[in-house]
Amino acid sequence: MSFEALAEDERALLDFEREAWTLTGRKEDRIRERFAISPSSYYRALQAVVDRAAAYEYDPLTVLRLRRRREALRRERIQGRRADPRTR
């Protein structure tokens with residue numbers, strides 16, 4: 001496998017997202033400390049990376065989790081919240 005298609009900063013976004021749940025404090029604060037950018041810029045960059053095949057090759061579990069979460073949020077915006085999240 002070759003990860004050259006992802007830049008170092010793109011790999012850093014995926015690495016951070018993979019380990020973010022283990023960090024103490026607010027995620028937004030950790031984003032500012034680690035990347036020196038706003039959370040909205042972080043999430044825009046992360047969403048752009050998640051769509052790339054090279055990101056999937058680098059960290060498939062994190063990428064799939066992020067894609068599923070994005071799709072669930074998109075569905076929720078379109079359809080509204082359901083009383084039972086397991087219903088379709």
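The values are calculated or read from the model by the stated rules, or taken from the named source; none is laboratory data. All values derive from a computational prediction rather than experimental measurement. Side chains are part of the model used for accessible areas, which takes the heavy atoms of the whole protein and leaves out ligands, DNA and RNA. Shrake-Rupley method; radii C 1.70, N 1.55, O 1.52, S 1.80 Å.
For the set Phe35, Phe16, the ranking by accessible area, highest first and with no ligand, DNA or RNA atoms included, is Phe35, Phe16 under a 1.4 Å probe.
For Glu10, the accessible surface of its heavy atoms amounts to roughly 40 Å² (probe 1.4 Å, protein chains only, rounded to the nearest 10).
Gaussian network model of the chain, Cα springs within a sub-10 Å range: biggest mean-square fluctuation belongs to which of Leu13, Leu64, Leu73? Between Leu13, Leu64, Leu73, it is Leu73 that shows the largest mean-square fluctuation. Given the alternatives (1) 13.4; (2) 12.9; (3) 14.3, Kirkwood radius over Cα pairs in Å as computed for this entry is given by (3).
A simple rule links phi to the HN-Hα coupling: the Karplus curve 6.51 cos²θ - 1.76 cosθ + 1.60 with θ = phi - 60°, which for the stretch 48-65 gives 5, 5, 4, 7, 8, 4, 5, 5, 4, 5, 6, 8, x, 5, 5, 5, 5, 4 Hz, with x for Gly and Pro.
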